[in-house]
Amino acid sequence: MRIGQVALVMALAAGAAAAQQPADDGQEGPSEKCFGVAPAGQNDGVGTGENAGRSTVDYQGDAWVAVPRGTCQTMTLPAQADGTPRRGAIRPLDRDQG
């Protein structure tokens with residue numbers, strides 16, 4: 001695992017821990033689902049429902065993790081295999097499907 005990936009996993013874990021708290025408890029602030037940002041198996045769910053399924057590929061487009069509101073699309077992620085920048089999204093993505 002590269003240093004950047006380790007940092008991403010740690011950031012996702014912190015975001016997931018924050019998402020465990022009520023969204024408006026005044027301590028952590030509100031969170032949102034962010035699609036396509038989690039390494040395989042490190043996501044909170046798959047699809048648009050509350051399904052807690054696990055992703056099978058890194059940065060699977062329809063797999064989400066809870067992150068602090070407003071941070072999803074600014075997360076630093078590794079580029080796709082073809083060099084295209086990879087970004088998180090607040091809606092499911094068609095890329096990197098399992």
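The values are calculated or read from the model by the stated rules, or taken from the named source; none is laboratory data. Not measured: the values here are computed from a predicted model. Positions of Cβ are generated from backbone atoms using ideal geometry, with glycine treated the same way; all protein chains shown enter the neighbour counts.
See the values below:
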item: Of residues in the range 44-57 being more than 20 Å from Ala81 (Cβ to Cβ) and in contact (Cβ under 8 Å) with a residue 12 or more places away in the chain, the one surrounded by the most Cβ atoms within 10 Å (Cβ to Cβ); result: Asp44
item: Subset of the range 58-85 [free of Cβ contacts under 8 Å to residues at least 12 places away in the same chain and surrounded by 21 or more Cβ atoms within 10 Å (Cβ to Cβ)]; result: none
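Each row is one residue, and each column tells you yes or no for (1) modelled with pLDDT under 95; (2) small (Gly, Ala, Ser).
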site	(1), (2)
Val6	yes, no
Met10	yes, no
Gly15	yes, yes
Ala19	yes, yes
Asp25	yes, no
Val37	no, no
Asp44	yes, no
Gly53	yes, yes
Cys72	no, no
